[in-house]
Amino acid sequence: MVEIKSSWTLADELLASINLQSKPALGDFLFRVRNRLIGFVQSRPLTSPVEGEDLAFALHVQMAREFIDLRQDARARRLLKPLWPENESLPQPPSGPADTVTGRLIAILESIKAADIPENAKLDMIADYWNKWAFVTWERALVEEDAAERLGWLAYVERYLGLIREDFNRASWTPWRMNRVRLLLARSFTEQNLQPSQQDTSQSLQDAQAMLNRILGNKPAGAEQTSAK
């Protein structure tokens, strides 16, 4: 941010140093252009859109790096279940040291909330944050051999997705829908492991197919015949 402000200050000083009145050969036109540029630079807001975009980009990059590390923890089964009591709307910060992947991700979320960036961009980043948590938790569930434990992990995936659907009204957001499909398919296969007699008739599998059809824009079987009548 400091560099951007300094650049505008330098531009202001440079334009102010040009004395076109002493060079009448350049004419009236260039003189008016100079004055308009000076007015534009001097009216530049202290927090420019460029600064907000740069800050949002930096936070996105930092968040992506930490989630890559979190995925490695999930695949190696080092990721622990979140501290998320049923009566709490959000997962609680871990009680251990802050210099862990989870601790750093919590710090990034607080930085996003406090950042001086456009509100829409902030909401997009927070939704993306929880959607990434849902995906990594789903990955952790897949490497869990015990079916009952896997269902426990998938329950947390659903809670993360619930934050996005309820707080950000993004039920039609494709990244959210794809994670929803992943959740429903994993739950369906896990339920089949626990109750083989269900085979492929579970509600989760049907819900996953319906969600995937909505994402792809496919009509359900029989829809064409119904609309033709």
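Given a Förster radius of 25 Å and the C-beta distance between A210 and Q92 as r, what FRET efficiency does 1/(1 + (r/R0)^6) yield to the nearest 0.05?
Efficiency computed from Cβ-Cβ geometry: 0.15.
For labels at F189 and W84 in the simple 7 Å Cα→Cβ model, what's the distance in nm?
Computed distance between label sites F189 and W84 equals 2.1 nm.
Which distance in nm do the two modelled labels at N120 and Q62 give, with both placed 7 Å along the Cα-to-Cβ direction?
The answer from the label model is 2.5 nm.
How large is the convex hull of the Cα atoms of region 49-219 per residue, expressed in Å³ as a whole number?
Per residue, the Cα convex hull of region 49-219 comes to 129 Å³.
Throughout, read-outs are computed from the coordinates displayed, never taken from laboratory work. Computed from a predicted structure; not experimentally measured. All Cβ positions, even for glycine, are placed from backbone atoms using ideal geometry, and neighbour counts span all protein chains on display.
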